[in-house]
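The structure appears right after this line, and notes come after that.
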């Protein structure tokens, strides 16, 4: 081996070793922060149910963890706390409930609107809880749980904007996320608007705040999260759409779908849903909310 | 197989508009890269040390910073600082300046290939330094580095895809491919056509460079 | 201008966990780069050898492979792999990735990123290496043959050592480019420095307490991290090249000055 090749190999290995050493000394995950610490191996609690062998639930129990796709930049539903590195939010808490019911550790990964369904289909994640609206198009690719939250579509504009509703969007630059349902909605309801599509809603917020766009349109809870971050913004217009959120489950896995739906409904019945709502949404806006009354069939019928 | 053609026929407008946006992006950035790159190369080879230094700093900054970081700084960062820069300007400026650093280095090597002798001869004949550069050295330098500039153009075509996925939200070919994919979920088919689009562009660039090489290049 | 240099806008560096959060993200970039460069070098050399094979079909096939990957945008390759990589491949990765690899590199999505980087860079490096080998004087190969060395032996002891040595600056230049390209994996939602920078400058602090860092400064800092790292790498390359010149007293054949090699490196980035 020539000197240079040897040098190159040594340098490459030295870099790799140095990187590993530094990583070993650090104690945070930087890819995902699990609710109670990510990583497998967690055992089952005494009270965990037994599930039929071969079912997803049993497999997850064997593995000891469930991988859940959530948003990392959409407070209050799913976001990464820079101080602690932990992932927090309403969806995250729902995910923790399901994990608890299974008796496994929850592990969270980021699922952006664009890639969440492929991730589920490939088995990259076991479950999606990322402000995902139930609709027929998606239902062909995956299974939905019963709705666990009803959001409404609204529009967000700077405090001094004169946009009052969707009628005023003609010729204005409106932002929403690639792969979200609002793209279709906006094309139909505001065909003359100049649509800007980005990866994540936090990018939309950035564009609104620095004046590159005039409005953002998406679910009211996401917009509320933005207003909490920047109270110079305001929500305008009538409710555009009804957006029932459902958890995403792999196509064909009816057992798991039933399990997830049952768990979420139990949480709605016994008050855990209300507590979670209060913690993440209720305390910021003075709006009471009821757990959703809608069934999955009704949600699908909406569109 | 039919799905492949279905995707193309049903979504041709989106994909082709993305294609043309990419062409626009590359064309404008190309001009910026050539103009700025030439200027920086001139700085680098000027007989004044401070000018060399300015050129060197430009090259080191723009060559060592990732394009995505440049895009963020030039668009989001500057806007936050109060500069009302528009997405097209930020995108073409970032891509153009980024490539300009490489163009400058390529031209510098071209000038060295032409040789000090010509510079000295020209100066001794009474031409001043700027004229020497403009009429004698740079034309030859350009012709020497045509293949290098061709590769840089192809690199620029590829880098333009990065602009499309950044928060600048310029609807270029890759952006539109993701859009169509999010509606049809036909990932393989959609990305196949986008790949075809990019390969068409790089093919055209390669052919153009070869033609130019044949007609104009000086081989040393 | 004042905004840029105002010290208040740089205070975020010392607050809370901010600096550490950014550096942790940067570490992920470096880790990905380290893994990718090792595999790219290996496969690049392999591809270069295939290209130079005396079996026409093999050489042509390798040539087509290299040309396809070289001409596609890297971000395109990474995005496509992230969306379309079959589950079994990801499982294979997750089951076989060594335990001592850092946490961030354990998930299947990073595999898409690393695979994309390797597919692309191995093709580019293959071309660099092939150019280096071909730039060698024919005479070297012929002299080696006349000494009785077989073709594989010629390659191993005469042609490769000299050819590859010429390509060190171009290769390090590609390493620098690869380092920059690791930022592209932020698009497939891997938590590296760009994502962390976005989070730091977002308004999440309304939920978590503290103050949001100003975006311009955060990204200038991130840019500086890269400039420093890459500049150090390019300095290293120069020193290696100078050492090489001292050792062999200049390369044989047409003189490939540093400028030419920089230009060659520029063309392959």
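Key figures
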item	result
Residue list for the stretch A:202-213, restricted to those being buried (at least 22 other Cβ atoms within 10 Å of the Cβ) and either modelled with pLDDT of 85 or more or at the interface with chain B (Cβ under 8 Å from one of its Cβ atoms) (or both)	A:203, A:204, A:205, A:206, A:207, A:208, A:212, A:213
Single residue of the stretch B:121-133 satisfying the filter (part of a loop (DSSP other than H, G, I, E, B) and more than 32 Å from the chain's Cα centre (by Cα)) that is surrounded by the most Cβ atoms within 10 Å (Cβ to Cβ)	B:127
Top-ranked residue of the stretch A:155-170 - restricted to ones that are touching a helix residue (DSSP H, G or I) at 6+ places or on another chain (Cβ under 8 Å) and surrounded by fewer than 24 Cβ atoms within 10 Å (Cβ to Cβ), ranked as farthest from residue A:111 (Cα to Cα)	A:162
Test for residue B:120: is it touching a residue at least 12 places away in the same chain (Cβ under 8 Å) and farther than 21 Å from residue B:22 by Cβ	no
Residue in the stretch B:99-120 that is outside any helix (DSSP H, G or I), within 14 Å of chain A (Cβ to nearest Cβ) and either in contact with a strand residue (DSSP E or B) (Cβ under 6 Å, 6 or more places away or on another chain) or surrounded by fewer than 19 Cβ atoms within 10 Å (Cβ to Cβ) (or both) present	no
Boolean, residue C:21 is over 29 Å from residue B:201 (Cβ atoms), within 16 Å of the chain's Cα centre (by Cα) and more than 10 Å from chain B (Cβ to nearest Cβ)	no
Residue count, the stretch C:133-159 (criterion: assigned to a helix (DSSP H, G or I) and out of contact with any helix residue (DSSP H, G or I) (no Cβ under 7 Å at 6 or more places or on another chain))	12
Top-ranked residue in the stretch C:1-48 [being touching a residue at least 40 places away in the same chain (Cβ under 8 Å) and outside any helix (DSSP H, G or I); ranked as nearest to residue A:82 (Cα to Cα)]	C:16
Selection count where residues are without any contact (Cβ under 8 Å) to a residue 60 or more places away in the chain and under 19 Å from residue B:92 (Cβ atoms), scope the stretch B:58-74	10
Spans of helices (runs of 4 or more DSSP H) in the stretch B:146-219 with at least 2 residues more than 14 Å from chain A (Cβ to nearest Cβ), surrounded by 20 or more Cβ atoms within 10 Å (Cβ to Cβ) and in contact with a helix residue (DSSP H, G or I) (Cβ under 9 Å, 6 or more places away or on another chain)	B:146-165, B:187-216
Within the stretch B:76-91, tally of residues that are modelled with pLDDT of 90 or more and crowded, with 24+ Cβ neighbours inside 10 Å	2
Selection status of residue B:77, in contact with a helix residue (DSSP H, G or I) (Cβ under 9 Å, 6 or more places away or on another chain), part of a helix (DSSP H, G or I) and free of Cβ contacts under 8 Å to residues at least 40 places away in the same chain	yes
Criterion (away from every other protein chain (no Cβ under 14 Å), buried (at least 18 other Cβ atoms within 10 Å of the Cβ) and in contact with a helix residue (DSSP H, G or I) (Cβ under 7 Å, 6 or more places away or on another chain)) met by exactly one of A:249, A:222, A:216	A:249
Residue within the stretch C:121-132 that is facing another protein chain (nearest Cβ under 10 Å), out of contact with any helix residue (DSSP H, G or I) (no Cβ under 7 Å at 6 or more places or on another chain), in a helix (DSSP H, G or I) and surrounded by fewer than 20 Cβ atoms within 10 Å (Cβ to Cβ) present	no
Qualifying position, being at pLDDT 85 or above and more than 15 Å from residue A:259 (Cβ to Cβ), among A:87, A:117	A:87
Selected residue (only one of C:263, C:206 is in a helix (DSSP H, G or I), at pLDDT below 70 and at the interface with chain A (Cβ under 8 Å from one of its Cβ atoms))	C:206
Test: residue in the stretch A:145-155 that is in contact with a strand residue (DSSP E or B) (Cβ under 7 Å, 6 or more places away or on another chain), modelled with pLDDT of 85 or more and within 14 Å of chain B (Cβ to nearest Cβ)	no
The listed residue being at pLDDT below 85, farther than 25 Å from residue A:110 by Cβ and either within 14 Å of chain C (Cβ to nearest Cβ) or surrounded by fewer than 18 Cβ atoms within 10 Å (Cβ to Cβ) (or both), out of A:238, A:194	A:238
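Residue-by-condition table, conditions (1) free of Cβ contacts under 8 Å to residues at least 60 places away in the same chain; (2) within 30 Å of residue A:183 (Cβ to Cβ):
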| residue | (1), (2) |
| --- | --- |
| B:173 | no, yes |
| B:180 | no, yes |
| B:185 | yes, yes |
| B:188 | yes, yes |
| B:201 | no, yes |
| B:209 | no, no |
| B:214 | yes, no |
| B:217 | no, no |
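Rundown of residues vs (1) surrounded by fewer than 13 Cβ atoms within 10 Å (Cβ to Cβ); (2) without any contact (Cβ under 8 Å) to a residue 60 or more places away in the chain; (3) within 30 Å of residue B:134 (Cβ to Cβ), yes/no style:
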{"position": "B:3", "(1), (2), (3)": "yes, no, no"}
{"position": "B:9", "(1), (2), (3)": "yes, yes, no"}
{"position": "B:13", "(1), (2), (3)": "yes, yes, no"}
{"position": "B:18", "(1), (2), (3)": "no, no, no"}
{"position": "B:31", "(1), (2), (3)": "yes, no, yes"}
{"position": "B:38", "(1), (2), (3)": "no, no, yes"}
{"position": "B:45", "(1), (2), (3)": "no, no, yes"}
{"position": "B:53", "(1), (2), (3)": "yes, yes, yes"}
{"position": "B:56", "(1), (2), (3)": "no, yes, yes"}
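The values are calculated or read from the model by the stated rules, or taken from the named source; none is laboratory data. In this text, all values refer to a predicted model and were calculated from it rather than measured experimentally. Don't worry about glycine lacking a Cβ; one is built from the backbone with ideal geometry, like all the others, and counts go over all protein chains shown.
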